[in-house]
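**Q** Quick one: the structure is below, and I'll ask about it shortly.
Please treat every number below as a calculation from the coordinates, not as lab data. Quick caveat, the model's predicted, so the values are computed rather than measured. Cβ sites come from the backbone with ideal geometry, for glycine too, and all protein chains shown count toward neighbours.
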Amino acid sequence: MHELSICQSMLGIVEKTMAEHTGARLLRIFLDVGKGSTIEPVLLREAFEVITTNGPFEGTELVVNEIPLVGRCRACGRTFEYQEIALGCPECDSVDIEIESGLELAIRELEIDEDGAGDSHGGETV
Ligand SMILES: [Zn+2]
């Protein structure tokens, strides 16, 4: 399950960003995940929950935005959405395909509550 290590490196980036926002609380992470990236959004969210439990990002929501896998045929120039990465161009059967999008894995946005600090609420420590 490589989703776990992906989550860990993602949180590494997030932690650096949050270090610049002292006292702020991270509400949501918006993540672009290409359909050709071999990442399973469901597993990614599960891994995220496991990692963040009891940590500084507990309660943060991971919002996964799936990007369709789009290829462009170098032979005939047609742009199409992949159903199966193994298939060639639906127009001319060429396999000389350039991937235009759908392989990305990137943090698009962090939703931060700047004055989310405060010891007065949410203190349900076990
Ligand atoms: Zn073609």
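**Q** Compute the FRET efficiency between GLU20 and GLU81 as 1/(1 + (r/R0)^6), taking r as their Cβ-Cβ distance and R0 = 35 Å, and round to the nearest 0.05.
**A** Computed FRET efficiency for GLU20 and GLU81: 0.40.
**Q** I'd like the per residue volume of the convex hull spanned by the Cα atoms of the range 1-111, given in cubic angstrom. Intermediate results must be reported in sequence, preceding the final value.
**A** Details: hull volume 11.3 nm³, N = 111.
So the per-residue hull volume is 102 Å³.
**Q** Here's another thing I want to ask about it. Kindly express, to the nearest 10 degrees and within the range 0 to 90, the angle between helix 3-19's C-alpha long axis and the longest C-alpha principal axis of the chain.
**A** That helix lies at roughly 50 degrees to the long axis.
**Q** May I ask for the angle, rounded to the nearest 10°, between helix 41-52 and the longest principal axis of the chain, with both axes built from Cα atoms and the value confined to 0 to 90°?
**A** 20 degrees
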